[in-house]
Amino acid sequence: MSSELQSALSPEYAAKKEDYFDCERPEMAAFMPASCRRVLDVGCGSGGFGAGLRKRAGCEAWGVEPDAEAFERAQRNLNKAVHGFFGPELNLPARYFDCIFFNDVLEHMVDAAPSLQYAGSLLSGDGIVVASIPNIGHFPTVWRLAVQGEWEYKERGILDKTHLRFFTRRSIRRLFENAGFLIQQIEGINPYFKMEASDGKLWRYYKLLSLFPQSGIRDMRYLQFAVVAKFNGTTTR
């Protein structure tokens, strides 16, 4: 992320409510192999996710966080927290981490590929990257755009005003492969049916649409994709 853009977005991040930085994301913790001993959480917020990993797996948890207030809290929750935007200038230890998490972080970057490549240099021999990435093809978002002509940025969610990139399953795969990663797993998480009680009308529309077998339609039920990838160093950029 350029220094100019960092300066432009800093007030937006500073204005976020505190709970924006406190997500523990237990559904993402499940993707960490039991053998992981050293973990890095990029965009760690207040360190709640890393703290949960420490308690659950007894691993060493590091975090990187650009927001100053969230970073101060992260220092109390993690083995080590680093203040700044993720990149080589942070001088993190090479080939040190068994797992690097990007939980809803890559979409905030102007170009995520260099950050993924840098992450590759920090991974141990069997290390992996685990990422959660919002799905722009989520049915309510597509419905509001295609049927209602609505595209309104929000304080959080898929159309968070600080999101700079938007992804589908295919573009996620392309991003990782171009950055030198082999995707081992990609699956939808946080399915739409959990919102049935609060938005039953849209749910019924989706149920009708889901009668068609296309994979893109099946993906529309998921708020995010979880990705597990291993760095092979062969980039296409």
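Note on residue 161 and residue 35: with the Förster distance fixed at 45 Å, the Cβ-Cβ geometry gives a FRET efficiency of about 0.70.
For the residue pairs 80/230; 55/80; 161/230, the alpha carbons lie more than 26 Å apart in 161/230.
Packing here is the average count of other Cβ atoms within 10 Å per residue, and on that basis the peptides 145-151, 110-116, 130-136, 220-226, highest first, run 130-136, 220-226, 110-116, 145-151. Only alpha carbons enter this Debye calculation for the stretch 57-146, each as an equal point scatterer, and the log10 of I(q)/I(0) it gives at q = 0.21 Å⁻¹ is -1.11. Translational diffusion coefficient of the stretch 120-176 (Stokes-Einstein, Kirkwood radius from Cα pairs, 10 °C, 1.306 mPa s): 118 µm²/s.
Go ahead and run the numbers for FRET between residue 121 and residue 177, Cβ-Cβ distance against an R0 of 22 Å, rounding to 0.05. All intermediate terms of the calculation are to be shown ahead of the outcome.
Details: r = 17 Å, r/R0 = 0.79.
For residue 121 and residue 177, the calculated efficiency is 0.80.
Comparing the stretch 40-108 with the 2.2 N^0.38 Å rule of thumb, its C-alpha radius of gyration ratio is 1.00 (two decimals).
Tell me, what is the FRET efficiency for residue 56 and residue 151 to the nearest 0.05, using R0 = 35 angstrom and their Cβ-Cβ distance as r?
On the way: r = 38 Å, r/R0 = 1.10.
Between residue 56 and residue 151 the formula returns 0.35.
Just so you know, all these numbers are worked out from the coordinates, no wet-lab data involved. A quick note: this is a predicted structure, and the numbers were derived from the prediction, not measured. Note that each Cβ is placed from the backbone with ideal geometry, even for glycine, and that neighbours are counted across all protein chains shown.
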